[in-house]
Amino acid sequence: MEGAQIKTIITMADRDDKNEKNVPGKFYVDTQCIDCDLCRETAPDNFARDEDEGYSYVSKQPENDEELEQCREAMEGCPVEAIGDDT
């Protein structure tokens, strides 16, 4: 397959489509969240659920290395890539 090109599609959270409940800071959840609970289980101190609308949001930005690692793990594990960071 000489001359074949491989295209990589990178999907990620949309910083222009953040859920309005996110606290300001590096991490955020966009409106593609499907409320699967993975982020809240992975980083329970940093993610919360909007009970009325049924989505997750960043309720507290990480304040130490452990929370930072948990937020990164949640971001990497999100099945719809709705978690982003502004780095």
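Structure values in brief
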| read-out | value |
| --- | --- |
| Computed [θ] at 222 nm, helices only, for the chain once each DSSP H run of length n ≥ 4 contributes -39500 (n - 2.57) | -6000 deg cm²/dmol |
| Size of the chain as Cα extents on the principal axes (Å, biggest first) | 52, 30, 22 |
| Whole-angstrom gap from the stretch 58-76 to the stretch 12-48, using each part's C-alpha centre | 11 Å |
| Rounded to 10°, Cα long-axis angle of helix 65-77 versus longest principal axis of the chain | 50 degrees |
| Under-19-angstrom lysine pairs by C-alpha in the chain, whenever the two are 8 or more apart or on separate chains | 4 |
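Taken together, the values in this text are just the output of simple stated rules run on the coordinates, not laboratory data. It should be emphasised that the depicted structure is a prediction, and the values quoted were computed from it without experimental measurement.
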